[in-house]
Amino acid sequence: MTALEEFLVHQPAPSPAPSLGIGILGAGAIVNAGHLLAYQEARYNVVAIADVNLAAAQQTAARFAIPHAYDSLDALLADPAVQVVDFAVPPWVQVEGAPRAAASGRHVLCQKPLALTYDNARRIVEAAEAAGVKLAVNQQMRWEPLVAAAKRLLDAGWIGTATGARIDVNINTDWRAWPWMLDMPRMEIFVHSIHYLDTMRYLFGEPALVFSRGAWYPGQPGKGETRTLTVLDYGPEKQVFVSAEHNNQAGDTYAILRIDGTEGALGGRFGVFDNYPHGAPDDLWVISKRHTNGERQSMQLPGTWIPGAFVGPMGDLLRAAAGGPEPLTSGRDNLKTLQVALAAYRSMDEHRAVAPEEIG
Ligand SMILES: NC(=O)c1ccc[n+]([C@@H]2O[C@H](COP(=O)([O-])OP(=O)(O)OC[C@H]3O[C@@H](n4cnc5c(N)ncnc54)[C@H](O)[C@@H]3O)[C@@H](O)[C@H]2O)c1
């Protein structure tokens, strides 16, 4: 066994999640490919699902043996077995519904983006706080195998002090699969790169400034940008950026993470985009002066982003609801991710670097 395998084999096991009744709003693509497969594996207790498209709710309920299918949030909230509401609907539906779910005394898991404006996101967070319920956001990339391993290696000092990081994604996304996204004037960061921005926050904390450019592709479907390049300023001794291109025409798609440090480097490849959303395993490599004698070690990581990582935010929320620590991706924490995303959009509009605190 290599030093890398030895280090990663001892995964810290999360404490068991209490069995609260979960009601899901939305029976679309990600609930079927992500949420419910993960919850089934983790034995979370899903008691109901609702969708304006009742047939979709019923089909998903049948597939996953969920006792009740409804056609609205109101019907879901009228079910006393629902103690947690898991939102998986377009952001504007979540903005209207999440405060109501919280006011009814339910704990809430929101999808990303929490909202499209800072004020709306803050309203959701404040509604949960006023009601005394727990709120988490489904930024589950923090539990994604490559990101989780990178975080552990960084924290354990394998590559010394990080001096630079990039997430570079060049894939082909057919946005027509999500008709509701096509009218969004701002899109890529809100629905996709927000994961990468949240990951950079998870790994390195708060950037002082955000500089971003968005671009379109000839003939692309949808109004919003489909290619973004965002530089996060962590001071003069770190170079951090996120690049996302969704119009790869060459068939050589890739999605990588690389982090350089004073005593080595680490990186890897995200497998999820090989036949999204089912994907392939992630690859991880590391070169560490101290732990690998400067030699490159690599391995395939167990686990998946979709559905595997979806266990994380819900598990955290369930534990918080039972008196455990605040979720890693709590609503309060996520306001900072949204500030970075909105700073990126202001940067595109105004052609300047924007401090996240300018937002809100
Ligand atoms: N965390 C992740 O990695 C991830 C991945 C994909 C999607 N998402 C997010 O999850 C959400 C859903 O995405 P999706 O890919 O499943 O989209 P989708 O279009 O496949 O499904 C959305 C579902 O919401 C339902 N819906 C719309 N309005 C509703 C309303 N008022 N009440 C009840 N149901 C309503 C639709 O009928 C549809 O079934 C979005 O916010 C998206 O950004 C997150």
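Need one number: % antiparallel among DSSP beta bridges in the range 165-246, to the nearest 5. Antiparallel: roughly 70 percent of the beta bridges in the range 165-246. Helix 194-204 and the longest principal axis of the Cα set of the chain meet at an angle near 50°. Here's the picture: charge each Lys and Arg Cβ at +1 and each Asp and Glu Cβ at -1 in the chain, and of Asn53, Val125, Pro18 the one pushed furthest to the positive end of that dipole is Pro18. The modelled label-to-label distance between Arg290 and His10, using points 7 Å beyond Cα along the C-beta direction, is 1.5 nm.
Counting Lys +1, Arg +1, Asp -1, Glu -1, what net charge surrounds Trp175 among other residues with beta carbon under 15 Å of its beta carbon? Before the final figure, lay out the partial values.
On the way: positive: Arg176, Arg186, Lys223, Arg227; negative: Asp174, Asp183, Glu188, Glu225, Glu245.
That works out to -1.
Here, the range 1-156 has an Rg and a Dmax of 17.2, 54 Å when only alpha carbons are counted. So which of Lys112/Lys151; Lys134/Lys238; Lys223/Lys336 end up more than 32 Å apart, counting from Cα to Cα? Listed pairs above 32 Å: Lys134/Lys238.
Nearest 20 debye, what's the magnitude of the dipole of the chain about its Cα centre given +1 on Lys and Arg Cβ and -1 on Asp and Glu Cβ? It would help to have the intermediate numbers written out before the result.
Numbers: 29 positive and 38 negative charges, 37 e Å.
Dipole magnitude for the chain comes out near 180 debye.
Within the shell defined by Cβ-Cβ distances under 9 Å, the residues around Gly303 carry a net charge of -2, with Lys and Arg each +1 and Asp and Glu each -1. Taking the C-alpha atoms only, the angle from helix 54-63 to the longest principal axis of the chain is near 70 degrees. All C-alpha pair distances within the chain, sorted into 20 Å bins from zero, spread as 30, 60, 11, 0 percent across the bins. First select every other residue whose beta carbon is under 11 angstrom from the beta carbon of Ile259; then total the charges, Lys and Arg +1, Asp and Glu -1. That works out to +3. Assuming charge only on the beta carbon of Lys and Arg (+1) and of Asp and Glu (-1), the dipole of the range 78-209 about its Cα centre is about 180 debye to the nearest 20.
Under the simplified labelling scheme, the Asn275-Leu54 pair shows an inter-label distance of 3.7 nm, with each label point 7 Å from Cα along Cα→Cβ. Subtracting the Cα-Cα distance of Ala33 and Ala156 from 0.36 nm times their residue separation leaves 41.0 nm of extension gain. Neighbour counts of other Cβ atoms within 10 Å put Thr329, Thr2 in the fewest-to-most order Thr2, Thr329. Which angle between 0 and 90 degrees, to the nearest 10, do you get for helix 311-321 versus the longest principal axis of the chain when only C-alpha atoms count? The two axes meet at around 60 degrees. How many angstrom lie between the C-alpha centres of the range 25-51 and the range 110-170? Here the two parts' Cα centres lie 21 Å apart. Rounded to the nearest 20 debye, the dipole size of the range 1-137 about its Cα centre is 120 debye, using +1 on the Cβ of Lys and Arg and -1 on the Cβ of Asp and Glu.
Considering only DSSP beta bridges whose two residues both sit in the chain, what percent are antiparallel, to the nearest 5? Show your work: numbers first, answer last.
Details: 41 of 66 bridges.
Of the beta bridges lying entirely in the chain, close to 60 percent run antiparallel.
We did not get these values from a lab; they are worked out from the coordinates using the rules stated. No experiment lies behind these values; they were computed from the predicted model shown. With ideal geometry, Cβ positions are generated from the backbone for all residues, glycine too; neighbour counts draw on all protein chains shown.
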